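Just so it is clear, none of the values below were taken in a lab; they were calculated from the coordinates. Quick caveat, the model's predicted, so the values are computed rather than measured. Here Cβ is always computed from backbone atoms with ideal geometry, including for glycine, and neighbour counts include all displayed protein chains.
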Amino acid sequence: METEDIKKAIYELVEKSMGKKLLKPGDVFKKVSADNGIDKKEVKNALKELIDEEKLVYSYKGGSYVEIPPK
Amino acid sequence: MGKKYDTPLLDDLESGVFPSFVTEMKRAAEQSEYANDLLGQLELSFKENLTHWKHGGIVGVRGYGGGVIGRYSDIPDQFPGIAHFHTVRVNQPSGWFYTADALREICDIWDKYGSRLTNMHGSTGDIILLGTKTENLEPIFAELSSRGWDLGGSGSAMRTPNCCVGQARCEWANIDTMAITNEITQHYQDEMHRPAFPYKFKFKIAGCAVDCIASIARADMSVIGTWKGDIQIDAAEVTNYAKGGMDIAEEIAGLCPTGCITWDGSSLTIDNSNCSRCMHCIAKMPKALRPGKEKGATILLGSKAPIVTGALLSWVIVPFIKMEPPYDEFFDLVDRVWEWWDDHGKNRERIGELIERLGFPAFIKATELDLHPQMIKEPRRDPFFFWSEEDIIK
């Protein structure tokens, strides 16, 4: 799976969860790697890119989560 | 900037013989709007017995998920100077050694962008810069990083590793705590800056079992310097201690937790096979006793302060490990521990709590740790590994 496709899968997962459930980075690694049969490390690297591109941001709400940044 | 608020309750805290944080806040308030409004809000909180802080949210510097703790006043109209009052955690140098120039550099940056208030140091050892606005975070980070500083850990991440002064200033350090701390910090940069754990994870590295940084009570993983082999005895110096008035029977042999020391009035003997390496005798008679020659560390896991559930002390998981560069064995162990925690930990569950929930046998099987009789919860009392029926039949 190409990195861009993994990034898309991560973004869609976070977007779908918005307003329903806060996702920890670990939740994202587990779900995206299981759904796509890929190594967690690949998901980790893809998330890192999404954060560096500021398409996703970390938030702290009693624990650390990933979210889509507010507009 | 003049005094804006009457603070009779805070003023009272300036009485007495000890230095007062109120005095420092008032000094800062002479030149800082942040510190001035901070005094006003704190006085109000004391009066109402109610906090006016809220914290968290989306705040930080680009690419990092830690190092900044978002904090806001819940009455910003009343105290606009602290509408934002974010904390910046700066990764401290190992052992907290600074030049005066380095400290001036940090403080100059903070005078320019922050409240002028600092806290040396936080419980994970970081330099804590207290109170700034969201728009100042990137400029602060840029200035800090251009001078070689970095932010520390916060949130569900590896927190800034911390150590005692080690071999830099202490003759008892069995391991190079400062080098190990620096190595962990460099090796796990992503784990510190990009929070991906169930909750926080703290390393503390102590040079010996005196444990000046209290790692056994404050670190998820404690690395404590120890030794293999016999304690080295200088008989002539033992005699000097006795001649100097030390009651060796009472103060040394009598306080040995395992009772492995005997003193017959003229010579001291140690049953090293029963020594728990607690350092008591060595710390009391440093000229006469020294640790054994083969140095390494004991790894303990699981301590924490009581935040979500009660406090825990660490348990021994590796009685002896060589702690020498490139530390491959140690990093491999850490990776296995984290993998198990990542797979099974609930949100906001520390590693020690997970072990309590699932049991030590599950943890040991998953991490493939070798079993040793020294892997104990409470020394010489409470083994945490229990053999299964299957093991006994074998």
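Seen from B:Gly95, the other residues with C-beta closer than 13 Å to its C-beta sum to a net charge of +1, counting Lys and Arg as +1 and Asp and Glu as -1.
Within the protein assembly as shown, all pairs of alpha-carbon atoms sorted by distance into 20 Å bins from zero give the percentages 21, 47, 28, 4, 0. Only Cα pairs under 8 Å and 6+ residues apart enter the sum, and on that basis the relative contact order of chain B stands at 11 percent.
Convex hull volume of the Cα atoms of segment B:232-290, normalised per residue: 68 Å³. Shielding value for A:51-63 is 6, the average number of Cβ atoms from other chains within 10 Å of each residue's Cβ. With both residues required to sit in chain B, DSSP beta bridges show an antiparallel share near 85%.
Using a cut-off of 25 Å between Cα atoms, the listed pairs A:Lys21/A:Lys41; A:Lys21/B:Lys133; A:Lys31/A:Lys55; A:Lys21/A:Lys55; A:Lys8/A:Lys30 include A:Lys21/B:Lys133 as exceeding that distance. Considering every alpha-carbon pair of segment B:24-70, the percent of pairs per 10 Å bin, from zero through the bin containing the longest distance, is 24, 31, 36, 9, 0. Ellipsoid fit via the Cα gyration tensor, segment B:31-134: semi-axes of 25, 16, 13 Å, each the root of five times an eigenvalue, largest first. As a proxy for reagent exposure, ranking B:Glu24, B:Glu143 by other Cβ atoms within 10 Å from fewest up yields B:Glu24, B:Glu143. Descending by average beta-carbon neighbour count within 10 Å, the peptides B:191-204, B:212-225 line up as B:191-204, B:212-225, the highest first.
In this simple spin-label model, placing a label point 7 Å from the Cα along the Cα-to-Cβ direction at both B:Cys170 and B:Ala214 gives a separation of 1.5 nm. Gyration tensor analysis over the Cα atoms of chain A returns equivalent ellipsoid semi-axes of 18, 13, 11 Å (largest first, whole Å).
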